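**Student:** Quick one: the structure is below, and I'll ask about it shortly.
The values are calculated or read from the model by the stated rules, or taken from the named source; none is laboratory data. The structure presented is a predicted model; accordingly, all values stated were derived computationally and were not measured. Heads up, the Cβs are rebuilt from the backbone with ideal geometry, glycines too, and the neighbour counts pull from every protein chain shown.
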Amino acid sequence: MPRRKTLERAARDARESKAPSTQAGEFIHEEIQHVREGKHGARSTKQLIAIGLSKARRAGIKLPPKDRDGPRGNGAYAARDYLKGQSAQAKAPSRRRSRATLAALQREGKVAASHAAFARHSRVSARTRGAKSMHGAARKAALTKSGTQERRPE
């Protein structure tokens, strides 16, 4: 169950008409904090993001699964989580299954939430989106690294 503060932040984002992905970002941030605090680990950065998105969907964020997430991939899980979050009568998760999941995550490492792992993940995901996306990500990284904020022409 997400913390109350995370739910409040997501609700604030919804009130401000921010995108569902931005609202879900609060849940992903919470998962990152959990790993960095040592509550549990993760095998990869991708897994961290997937856990956060799953929690967001279960909390009612209107973030339907992508079309490319077919029934063989994580699309089936994402669809199930989305339906659970949108229905008013969501069943409480099984205590035994929750404990087993947490125990499995506690055996995993903490490196997935490191800054280097996120940098690596962002490079890989930008590469799948194409050269223009890579260029934009590199420009943004250079700006944030130098500490200057470049204003875009309006």
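**Student:** Would you check if there is a residue in the stretch 88-99 being without any contact (Cβ under 8 Å) to a residue 24 or more places away in the chain, closer than 27 Å to Ala137 by Cβ and surrounded by fewer than 15 Cβ atoms within 10 Å (Cβ to Cβ)?
**Tutor:** No, because not a single residue in the stretch 88-99 is without any contact (Cβ under 8 Å) to a residue 24 or more places away in the chain, closer than 27 Å to Ala137 by Cβ and surrounded by fewer than 15 Cβ atoms within 10 Å (Cβ to Cβ).
**Student:** Sticking with this structure for a sec: Quick check: anything in the stretch 68-83 of a type in the set (Asp, Glu) and in a helix (DSSP H, G or I)?
**Tutor:** The answer is yes; a qualifying residue exists.
**Student:** Out of (1) under 24 Å from Lys66 (Cα atoms); (2) modelled with pLDDT under 90, what's the single condition that is false for Lys145?
**Tutor:** Single failed check for Lys145: (1).
**Student:** If we scan the stretch 47-59, do we find a residue that is in contact (Cβ under 8 Å) with a residue 60 or more places away in the chain and of a type outside the set (A, V, I, L, M)?
**Tutor:** yes
**Student:** Quick one: Lys91 ticks every box in (1) of a type in the set (Lys, Arg); (2) modelled with pLDDT of 80 or more; (3) under 22 Å from Thr6 (Cα atoms) bar one, so which box is it?
**Tutor:** Just one mismatch for Lys91, condition (2).
**Student:** So which of Gln33, Gln23 is in a helix (DSSP H, G or I) and touching a residue at least 40 places away in the same chain (Cβ under 8 Å)?
**Tutor:** Gln23
**Student:** Out of Pro64, Pro2, report the one residue that is loosely packed, with under 15 Cβ neighbours inside 10 Å and either closer than 23 Å to Ala119 by Cα or at pLDDT below 90 (or both).
**Tutor:** Exactly one of Pro64, Pro2 is loosely packed, with under 15 Cβ neighbours inside 10 Å and either closer than 23 Å to Ala119 by Cα or at pLDDT below 90 (or both), namely Pro64.
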